[in-house]
Amino acid sequence: MANVVITGVDGSETATLAARKAAETAEAFGGSLHVVSAYGPGERRTLADGVEKVIINLVEDAERTVSEAAEALRKDFPNLTITASVAHGNPADVLVDEAEQRQARLVVVGNKRAQGPARILGSVARSVISNASCDVYVANTRLG
């Protein structure tokens, strides 16, 4: 198993905090970090409110999100090798697939603010924990 740490970003504060924890962990391992952003289904989405119509290119949005996240991490972790990619699919499946392909040591996901005893982790974290063949670290990303 390589000293690769995988994390996903989607532009949310939760994902950004988890990505920082992933970078800290990769640096501590003397490894590298791979940041991925998932998109789908389809490549474009049209939103209309009756007055205005907006077309969102999901691939470009994912590429921009992962590029900005990786660049910010490179500034804060200049000695860490950081790679980035986008992939079509459900975020949990993409993280598990990336971990398999890169023979990752660890996947880092964030937890979401949850209400009630039945919901401790977000659905992405639960799915990655259930399906990853490597270790999974759930970073505490609750704000406030």
Hey, among the residues in region 79-90 that are part of a strand (DSSP E or B) and within 19 Å of ALA62 (Cα to Cα), which one's modelled with the lowest pLDDT? HIS88
Pick out the one residue from VAL86, VAL59, VAL94 that is in contact (Cβ under 8 Å) with a residue 40 or more places away in the chain, hydrophobic (A, V, I, L, M, F, W, C) and over 12 Å from ILE6 (Cβ atoms). VAL86
Between residues in region 129-141 that are free of Cβ contacts under 8 Å to residues at least 40 places away in the same chain and among the acidic types (Asp, Glu) and residues that are in a strand (DSSP E or B) and crowded, with 17+ Cβ neighbours inside 10 Å, which pairs lie under 7 Å by C-beta distance while being six or more apart or on different chains? ASP135/LEU106
Taking VAL124 as the residue in question, decide whether it is buried (at least 16 other Cβ atoms within 10 Å of the Cβ), at pLDDT 95 or above and either closer than 19 Å to THR16 by Cβ or not hydrophobic (A, V, I, L, M, F, W, C) (or both). no
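Every residue, every condition in (1) modelled with pLDDT under 95; (2) closer than 18 Å to SER133 by Cα, yes or no:
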{"site": "GLY8", "(1), (2)": "no, yes"}
{"site": "THR46", "(1), (2)": "yes, no"}
{"site": "ILE55", "(1), (2)": "yes, no"}
{"site": "VAL59", "(1), (2)": "yes, no"}
{"site": "ALA92", "(1), (2)": "yes, yes"}
{"site": "ASP97", "(1), (2)": "no, yes"}
{"site": "VAL108", "(1), (2)": "no, yes"}
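The values are calculated or read from the model by the stated rules, or taken from the named source; none is laboratory data. Computed from a predicted model, the values in this text were never measured in an experiment. Don't worry about glycine lacking a Cβ; one is built from the backbone with ideal geometry, like all the others, and counts go over all protein chains shown.
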